[in-house]
Amino acid sequence: MLGRISFDAWMPFIGVIVLIVAGSFFFPQILSAEYLTQQLQIAAFLGLLATGATIVILLGHIDLSVPWVLTGAAILSTALVGSGNPILSVLAVPAALLFGALIGVVNGIGVAILRIPSMVWTLAVNSMLLGVAVLNTGGFNPKGESSQLMVTMASGDLLGLPVSFLIWVTISLALTYFLIRTPFGRYLRSIGFNEKATFLSGVSTPSVVFAAFGIAGMCSALGGVMLAGYANQAYQSMGDPFLLPTIAAVVIGGTSILGGRGGLFGTIGGALFITLLTSILSVMQIGDAWRNIIFGVIILVMLLFQTLRKGAAP
């Protein structure tokens, strides 16, 4: 498997090493096991979102509904737990994942059936989810609490590693298997290269699009559940800060924004890189405005790099 991994996918891991070495000169605690373990835990939240985003971007599309799928899943799960009904509490996590899958299918319908550009459709869905949440909560932070399962998923540890990190890696490995070993992965990349040719070859392209957006929705929902477990509550707009870093993690990981090329191995490195960079910028007391500028520059530089690489290819 490692032989198939491109240099682009290894780049973020090299960047992580560079950040750790450079950051240690200004912040020696960065080399401690406690700090690095904490970064793995935090990276898992972003990594889950980026995992789903990678699947969609491989199609040649983009999902901008991530923030409020995440927030909606967090609100739903904590509301069910806070209801006091033991049965609803048990169903909190499955219900949130089902919510994410349903929103993914809605996105798939807009993109595959109605043929509306994914950027426009998913942004509209994100806006509608925001409106529904505001109507439901009156604009105030929603009531509810996290279950013990949600807290364990977000903050627990197993064999010295964060449970959140293990969940993220397990999902990434499972999806990597499907991308490499099943027709779904081949069709996914084929649609990213040329959707019309893939359809004419007999592939049910709408089914692949539905599945891809459904997976992305479930990943966003799981990220919301775990973030709610981490904070022990859901709150308005909790997903908004994650949209740009999610796309940045995918692009840094070597997945082409035009679709057809890339994979989840690089996305893992991209999420680790973004998480560590954010932490170092926080230690250096760099404000949110400059962080957004830095993330935007990184995305533009990686897109330019991919374009130049594509133009230089024979």
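What order do you get for 293-305, 216-228 when each peptide is scored by the mean count of other beta carbon atoms within 10 Å, highest first?
216-228, 293-305
Output ³J(HN,Hα) for the stretch 232-248: one whole-Hz value per residue in order, computed from phi by the Karplus curve 6.51 cos²θ - 1.76 cosθ + 1.60 with θ = phi - 60°, and x for Gly and Pro.
Each residue's phi maps through the Karplus curve to give 6, 5, 10, 8, 4, 6, 5, x, 4, x, 9, 5, 5, x, 5, 5, 4 Hz.
Starting from the residue with the highest accessible area, list V169, V132 in decreasing order, probe 1.4 Å.
V132, V169
Could you sort 114-120, 41-47 so that the peptide with the highest average Cβ count within 10 Å comes first and the rest follow in order? The partial results should precede the final answer.
Numbers: 114-120: 13.0, 41-47: 24.7.
Order by mean packing, descending: 41-47, 114-120.
So with the 1.4 Å probe, I'd like the accessible area per residue for the stretch 27-123, rounded to whole Å².
Working: 3610 Å² over 97 residues.
Accessible surface, normalised per residue, equals 37 Å².
If you roll a 1.4 angstrom probe over the protein chains with everything in place, what fraction of the accessible area of the stretch 224-314 belongs to carbon and sulfur, to the nearest %?
69
Using a 1.4 Å probe on the protein chains only, how many percent of the accessible area of the stretch 39-78 belongs to carbon and sulfur?
Working: 340 of 450 Å².
Carbon and sulfur atoms account for 75 percent of the accessible area of the stretch 39-78.
Let me have the 222 nm mean residue ellipticity of the chain computed from DSSP H runs of 4+ only, each contributing -39500 (n - 2.57), with the sum over all residues rounded to the nearest 500.
-24500 deg cm²/dmol
Could you report the stretch 131-263's accessible area per residue, 1.4 Å probe, as an integer in Å²?
Here the residues of the stretch 131-263 average 47 Å² of exposed surface.
Sticking to Cα atoms, compute the Rg of the chain to one decimal and its Dmax as the biggest Cα-Cα distance, whole number, in Å.
Calculated on Cα positions, Rg and Dmax stand at 19.2, 63 Å.
In whole percent, and with a 1.4 Å probe on the protein chains, what portion of the accessible area of the stretch 101-167 is carbon and sulfur?
Numbers: 2810 of 3870 Å².
So the carbon and sulfur contribution to the accessible surface is 73 percent.
Listed highest first by mean packing, meaning other Cβ atoms within 10 Å per residue, what order do 71-77, 100-106 come in?
Descending packing order for the listed peptides: 71-77, 100-106.
The values are calculated or read from the model by the stated rules, or taken from the named source; none is laboratory data. What you are looking at is a predicted structure, and each value in this text was computed from that prediction instead of being measured. Backbone-built Cβ (ideal geometry, glycine too); neighbour counts: all protein chains shown. All accessible areas refer to the heavy atoms of the entire protein, side chains included, with ligands and DNA or RNA removed. Shrake-Rupley method; radii C 1.70, N 1.55, O 1.52, S 1.80 Å.
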